[in-house]
């Protein structure tokens, strides 16, 4: 049998196989009809869609691929709720393909507002996103998923509509207003000797204002805390040199409204403590030791893959990711910049078991294992839901 005849027979076999797959798969809409239940998840065959919503073979998008199913750039949704589904809570979306550089959850038409950006594996063949439906209003939402072969903002992007527009009905129960709570997480102990700058921190919910006050009354007000945007953390780098040396009785009070607004509710996060302020007899530290978390998933977040954690401050010699209490097991050790102002950790969650992780981030002013360490809890305990 001649080589040319063998090649023709092979080509015929490949075409027959592709036709059989097409007949079984039923195109890009296959599988949707099986998702009868509200909010069901549909896994689709890897049909490729153009930006016009037209199903094509990956070769159409990749000239010269000669039938190669792993052509340079293609993408198709592999997990997403069916058209018409009712969604609530967090919903996993997944896209599979090749050479994917950016995947976005977008309106049916246009590119704004962008409702989410997918995580992408290092080999650029798999992307996922945990879509938090509580971030959008209840009601019908018409969305598509688009894949691009260059990172966001770069020119020359080719778009593949990995999931043509589907209408989902968002139906989340109303969220009750957060209960006002405040608990002290970092401050010198009662009767402690205090000098230089000391981190004071309060953790809770619906905190609008926190103040360092005298043992009784509201004047003089010694300091006002910073408050995070989500109203869960208030912190102050208290400079004891702003007060005269000697015995001082202080309390920390948190409020559910901003300073000067009416109807304030007060929580005494730190009942009166007596501190012995001593600054004139001790030279000021060459570099004050301060540390606070600047990047970390919020409390209750779903975390997967690699996650960046960052701490900034001064005098930082060691930073560790630790359990909620105690110092073992050590969950991660941060890299620390040469000038001791910045520490970072790319946490690989695949090294930890799935499920709820309770962890804190602690910074120290001496290297690991050395005596005399002062600890600052840069991130009070948060719960993360690890999924991988």
Provide the three semi-axes, in whole Å and in decreasing order, of the ellipsoid equivalent to the stretch 181-277 as defined by the square roots of 5 times the Cα gyration tensor eigenvalues. 22, 14, 11
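In whole percent, what relative contact order does the stretch 254-388 give with Cα contacts below 8 Å and a gap of six or more residues?
Details: 273 pairs, mean separation 33.0, N = 135.
Dividing the mean separation by the residue count of the stretch 254-388 yields 24 percent.
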What is the distance in Å between the Cα centroid of the stretch 132-159 and that of the stretch 205-240? 40
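The numbers here are math on the coordinates, done by the rules we state, and not lab data. These numbers were taken from a predicted model, which means no experiment stands behind them.
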